[in-house]
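Written below as structure tokens is the structure these notes are about.
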Amino acid sequence: MSQKRVLLIVGGGISAYKAPLLVRALEKRGIGCRIILTKAGSAFVTPLSLASVSHNEVHEELFDLTQEAKMGHIELSRSADLVLVAPATADLMAKAAHGLANDLASTTLLATNKPVMMAPAMNVAMWYHPAVRRTMETLRGDGIHFVGPEEGEMACGEYGPGRMAEPEDIACVVEGFLNGKAVYGSLAGRSAIVTAGPTLEALDPVRFISNRSSGKQGYAIAAALARAGARVTLVSGPTALHDVPGVTMVRVESARDMLAACQSALPADIFVAVAAVADWRPKTMVDVKLKQKSSQGSPNIALVENPDIVATIAQSGTNRPSLVIGFAAETHDVLTYAALKRNNKKCDWMVANDVSGDAMGGDTNAVTLLTPNGHQTWSQAPKEQIAKRLVDTIAQHFSAAAN
Ligand code: C5P
């Protein structure tokens, strides 16, 4: 079997200093590297060190007559089994999203007929910037694969997502990809819809009925599902939280809008209903402010029941996700009510949590997962950890079903 080859494009971010380690990690797995070094990349790593570790010349210029005579940039773009961009800077990603071709790296990305994988690396505020969110969305739509970024301490001293995945992890994902395995994570190839946050039901143009849900648990689950490789749509009520990187965000206000957004995101393999949906909404929204003098007596607000989103999705016939998970926030008799809700709403699993403490709005949660096979309790832990456990359990469920 011929040796697998990667065309590595090294962008201009601080993590470019890890590029030689990445080349070594790929070589260790029998994967050869041709390398393109951008001008900005060469500020962080020298062509000489990359040429030394890869035993190949490093390409830097688009119009280099000597190189064009030996190997044209078009040929270079097709010479590998995979084009890997690491670090993928915001600039390089934006160029690729817009189809710009004004240097060797961007031209190669436009000219290649091979799969492309990117390992983004940038400051956390850049990663969250709406422009980068749009870029990610476009690149995903164009079929670009991603590895990372990871969450952690950055070279700039800030903390959050944006750090390039470790060279060993990137090499491992590349090896899996070249061997036809899942791109990244235990839920690669699966799709999920998550609802999160409160809903807001307008009484008049300024007043509304809502609740204290922060959205933290649902956002953490969406992030964990995306990290496990699932394609995730997060349908969120109004929250103060940042968009989740790598996730399609749909922001809504009312329960009815949330249901419509979930229905348009179908079909999906997994549905996780974490939102604290308002059970009732005002029958009619009055378009003038609901201000009444006390002499007029208290206002009479007629309420009507909202649709039950999870129950509707769980009974959506052929479109029904194969795993529907509800959350039951209770203040007493938690397990009893959760079991009832699992039945009534036709959910496969129900996550019961006691919200008599500060689970709603707080950073930690303690839950019991009810499945048709029994229940397991996960003691008080940060919501990210609860999310990771739930996603691991979801991944086990799918891998057991596949075997
Ligand atoms: O409010 P309740 O305790 O019935 O919520 C249990 C589950 O049902 C949660 O997963 C919640 O997201 C979901 N739900 C829903 N639509 C509603 C009410 C609740 O999807 N209208």
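The values are calculated or read from the model by the stated rules, or taken from the named source; none is laboratory data. Here the structure is a predicted model, which means the values were calculated and not measured. All Cβ positions, glycine included, derive from the backbone under ideal geometry; neighbour counts span all protein chains shown. The accessibility values were calculated without ligands, DNA or RNA, using every heavy atom of the protein model including side chains. Shrake-Rupley method; radii C 1.70, N 1.55, O 1.52, S 1.80 Å.
Distances between placed amide hydrogens fall under 5 Å for Arg251 paired with Ser236, all partners being 5 or more residues away or on another chain. Per-residue ellipticity at 222 nm from helix content only, as computed over the chain with -39500 (n - 2.57) for each DSSP H run of at least four residues, stands at -10000 deg cm²/dmol. Average accessible surface for the stretch 4-178: 43 Å² per residue, computed with a 1.4 Å probe over protein heavy atoms with every protein chain in place. Each of Ser49 and Glu153 was given a label point 7 Å from its Cα along the Cα-to-Cβ line. The distance between the two points is 2.0 nm. Over the stretch 4-178, the fraction of Cα-Cα pairs per 10 Å bin, rounded to whole percents and listed from the shortest bin up, is 11, 42, 37, 9, 0.
With a cut-off of at most 12 other beta carbons within 10 Å, and DSSP calling the residue loop, which trypsin sites (Lys or Arg not before Pro) in the stretch 251-287 qualify? Please list them.
On the way: sites: Arg251, Arg256, Lys283; in loops: Lys283.
For trypsin sites (Lys or Arg not before Pro) across the stretch 251-287 that sit outside H, G, I, E and B with at most 12 neighbouring Cβ atoms in 10 Å, the list reads Lys283.
Taking amide H positions as modeled 1.01 Å from N, with prolines and chain starts lacking one, the residues under 5 Å from Trp280 and 5 or more places away or on another chain are Asn306.
For the chain, the fraction of 1.4 Å probe accessible surface lying on carbon and sulfur atoms is 51 percent. Value of Rg to Rh for the stretch 95-156, rounded to two decimals, is 0.99; Kirkwood radius and Rg both from alpha-carbon coordinates. What would the Debye formula give as log10 I(q)/I(0) at q = 0.07 Å⁻¹ for the alpha-carbon point model of the chain, no solvent? One equal scatterer on each Cα of the chain leads to -0.41.
Shape verdict for the stretch 299-403, please, from the Cα gyration tensor: rounded (a/c under 1.5), prolate (a/b greater than b/c) or oblate. Intermediate values should be presented prior to the final figure.
On the way: a/c = 1.97, a/b = 1.14, b/c = 1.72.
Cα axes put the stretch 299-403 in the oblate bin.
In this simple spin-label approximation, Thr239 and Ser298 carry label points 7 Å from Cα along the Cα→Cβ vector, and these lie 3.3 nm apart.
Set the bar at 23 Å for Cα to Cα. Now go through Lys95/Lys216; Lys18/Lys383; Lys216/Lys388 and name every pair that lies beyond it. Don't jump to the answer; show the numbers that get you there.
Numbers: Lys95/Lys216 33 Å; Lys18/Lys383 32 Å; Lys216/Lys388 13 Å.
From Lys95/Lys216; Lys18/Lys383; Lys216/Lys388, over 23 Å: Lys95/Lys216; Lys18/Lys383.
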